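Read through the structure below, which is laid out as structure tokens, and then see the notes.
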Amino acid sequence: MPSPQERLFGTNGVRFQPGISHDLDFVIKLSEAIGTYFGDGDLLVGRDGRLSSNALSYATVSGLMSSGRNVGEAAGVVPTPAMQYAVKTQGFRGGVMITASHNPPEYNGLKVVGRDGVEIPRLDEQRIEKIFYDDAETRADWRAVGVAREEPSVVKNYIDGVLSKVNTKLIAKRNFSVVMDLGNGAQCVAAPYLVESMGCKLITLNSVLDGNFPGRGPEPTPETLADLSAVVKSIGADLGVAYDGDGDRAIFCDEQGSILWGDQSGCLLADYVLERAPGGVLVTPVSSTQAAEAIAKKRNARVFRTRVGSVDVSRTIIERNATFGFEENGGCIYPPHISVRDGAMTTALMLECLAARGMSFSRAVSYWIPRFHQTKAKVEVDPGKVDLVMKKVERDTRGRVEKVDGLKFWLDERSWVLIRPSGTEPIMRVFAEAETREKAESILKKFLKIVKAASA
Ligand code: MG
């Protein structure tokens with residue numbers, strides 16, 4: 001069990017190493033606290049393909065039933081967004097997803113979602129923690145204990161849901177050839193069937209579900225996607241796409257084999273969606289590209305910047321009734337489907353976008369998206385010194401400053417630097433963006449020096 005008052009929820013749910021940092025007793029007690037927090041209604045539990053997910057799922061279902069809740073268990077492995085979509089559309093009061101997203105295989109975790117399928121607000125996470133630490137979980141007596149049933153159609157409903165949000169005829173006409181790197185992750189059960197049903201020719205890599213993630217690991221990065229890039233080029237495919245371990249993020253590769261980071265694919269989709277919804281609202285964290293503002297201006301839309309983290313983006317999308325949201329790590333949120341990141345929805349929308357634009361992927365990006373260069377790095381900082389470092393940096397830096405999350409200085413019209421303490425590790429992250437790579441790198445170098453000096 002964790003020591004009293006240790007925060008359980010991090011940036012994205014509760015994460016730990018089963019059997020090492022926490023055991024199954026912890027999961028049962030936490031699930032009792034989650035069931036107590038919800039108080040009524042049926043809850044859905046889903047799991048990704050990690051080796052410990054099956055055991056954690058049983059413990060979670062047990063804890064929820066112990067608190068008196070009836071539980072639907074999504075059959076087999078499901079992508080996180082499929083579980084979230086099922087909560088939203090199948091009448092659940094909320095749910096729990098067993099996943100550690102892109103973390104190494106030995107990790108796992110619980111993500112708690114509300115009635116709308118979106119991660120519960122930060123304050124509600126603290127309510128669950130309070131129930132947990134106060135030992136205030138409801139333990140139902142034998143008459144009131146919950147029952148579990150299997151939910152067989154979560155993946156099918158999810159695929160049908162995505163298909164209903166795009167122009168499948170337009171996509172089918174293009175006969176796209178697509179290379180998909182599933183990374184042995186949860187989209188193995190959904191994305192290939194989705195893409196094939198839209199008339200695309202599909203080649204898959206790492207398509208066997210495996211909690212050891214033997215292919216390229218659960219985190220798609222430009223380095224781990226070298227195979228995807230090579231296969232796209234060698235067979236002359238129209239595009240490549242890769243997902244993280246639980247399938248909520250999608251990273252694309254153009255027909256020339258270049259890996260497009262989330263800023264570029266996110267902007268391409270934002271531009272496409274906003275073109276069809278003039279006067280719309282785009283939501284993205286402070287760390288993503290300023291191309292977002294350029295696109296919004298062109299489409300007569302507004303941009304809202306949030307703290308870093310998909311929960312903040314999702315919640316702001318709901319508050320602002322926004323049109324689209326994206327993160328620089330490949331998370332895209334299309335609210336007509338569900339206000340959470342979704343790798344399969346992002347893929348379908350990208351196919352529609354490319355079909356509508358009628359040009360190659362690389363040409364679409366260079367034609368529609370203003371190009372900025374971003375670079376980032378991290379510096380280890382003693383957690384006790386974080387406030388001091390931030391104060392020193394603020395005192396010594398000139399330029400317009402934004403304080404949505406960390407400190408973001410605009411050094412001139414088109415260059416900025418963001419200095420942000422990590423929420424989960426004793427490090428500071430430094431991001432820099434400018435019109436040329438050289439300039440972005442020189443800004444980054446300068447500020448890494450400043451942060452290191454301030455923390456010495
Ligand atoms: Mg993920």
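The values are calculated or read from the model by the stated rules, or taken from the named source; none is laboratory data. All figures in this text were calculated on a predicted structure; none of them were measured in a lab. Here the Cβ positions follow ideal geometry from the backbone for every residue, glycine too, while neighbour counts run over all protein chains shown.
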Counting just the residues of segment 219-233 that are of a type outside the set (A, V, I, L, M, F, W, C) and away from the ligand (no atom under 13 Å from the Cβ), which one comes out farthest from Pro104 (Cα to Cα)? Lys233
Qualifying positions in segment 191-223 - free of Cβ contacts under 8 Å to residues at least 40 places away in the same chain and closer than 22 Å to Gly262 by Cβ: Pro192, Thr204, Leu205, Asn206, Gly215, Arg216, Thr221, Pro222, Glu223
Pick from Val112, Val145: which is of a type in the set (A, V, I, L, M, F, W, C) and crowded, with 16+ Cβ neighbours inside 10 Å? Val112
State whether one or more residues within segment 150-159 are buried (at least 16 other Cβ atoms within 10 Å of the Cβ) and either without any contact (Cβ under 8 Å) to a residue 40 or more places away in the chain or not in a helix (DSSP H, G or I) (or both). yes
Top-ranked residue of segment 11-51 - restricted to ones that are of a type outside the set (A, V, I, L, M, F, W, C) and exposed (fewer than 15 other Cβ atoms within 10 Å of the Cβ), ranked as nearest to the ligand (Cβ to nearest atom): Thr11
Among the residues of segment 61-112 satisfying the criterion of being away from the ligand (no atom under 16 Å from the Cβ), touching a Leu at 6+ places or on another chain (Cβ under 8 Å) and polar (S, T, N, Q), which is farthest from Lys29 (Cα to Cα)? Gln90
Test Ser265 against the criterion of being of a type outside the set (A, V, I, L, M) and within 16 Å of the ligand (Cβ to nearest atom), and give yes or no. yes
Looking at the structure I just gave you, is Val179 at negative phi, in a helix (DSSP H, G or I) and out of contact with any Pro (no Cβ under 6 Å at 6 or more places or on another chain)? no
When you scan segment 390-456 for strands (runs of 3 or more DSSP E) that lie fully inside it, which ones turn up with 3 or more residues that are within 30 Å of the chain's Cα centre (by Cα), in the same structural domain as Thr284 (by TED's automatic domain parsing) and among the aromatic types (Phe, Trp, Tyr)? none
Count of segment 113-144 residues which are β-branched (Val, Ile, Thr) and within 14 Å of the ligand (Cβ to nearest atom): 1
Which numbered condition trips up Arg307, out of (1) out of contact with any Gly (no Cβ under 8 Å at 6 or more places or on another chain); (2) surrounded by 21 or more Cβ atoms within 10 Å (Cβ to Cβ); (3) within 29 Å of Lys408 (Cα to Cα); (4) in contact (Cβ under 8 Å) with a residue 60 or more places away in the chain? (2)
If we only count strands (runs of 3 or more DSSP E) wholly inside segment 268-375, which ones have 1 or more residues that are of a type in the set (Phe, Trp, Tyr)? 302-306, 324-326, 332-334
Among the candidates Ala33, Ala59, single out the residue that is modelled with pLDDT of 95 or more, farther than 18 Å from Lys130 by Cβ and of a type in the set (A, V, I, L, M). Ala59
Just checking, does segment 8-27 include any residue being at pLDDT 95 or above, β-branched (Val, Ile, Thr) and closer than 22 Å to Ala144 by Cα? yes
Could you grab me the full set of residues in segment 419-438 that are surrounded by 23 or more Cβ atoms within 10 Å (Cβ to Cβ) and more than 19 Å from Leu388 (Cα to Cα)? Phe431, Ala432, Glu433, Ala434
Segment 397-440, residues that are closer than 19 Å to Gln264 by Cβ and of a type in the set (S, T, N, Q): Ser415, Thr436
Against the condition buried (at least 24 other Cβ atoms within 10 Å of the Cβ), at pLDDT 95 or above, farther than 24 Å from His373 by Cα and of a type in the set (A, V, I, L, M, F, W, C), how does Ile317 come out, does it pass? yes
Restricting attention to segment 234-242, does a residue exist that is modelled with pLDDT of 95 or more, surrounded by 17 or more Cβ atoms within 10 Å (Cβ to Cβ), away from the ligand (no atom under 15 Å from the Cβ) and not in a loop (DSSP other than H, G, I, E, B)? yes
Within segment 335-351, residues being away from the ligand (no atom under 16 Å from the Cβ) and within 16 Å of Ile251 (Cα to Cα) number 4
For segment 313-334: of the residues being within 16 Å of the ligand (Cβ to nearest atom) and either aliphatic (A, V, I, L, M) or without any contact (Cβ under 8 Å) to a residue 24 or more places away in the chain (or both), which is nearest to Gly240 (Cα to Cα)? Ile333
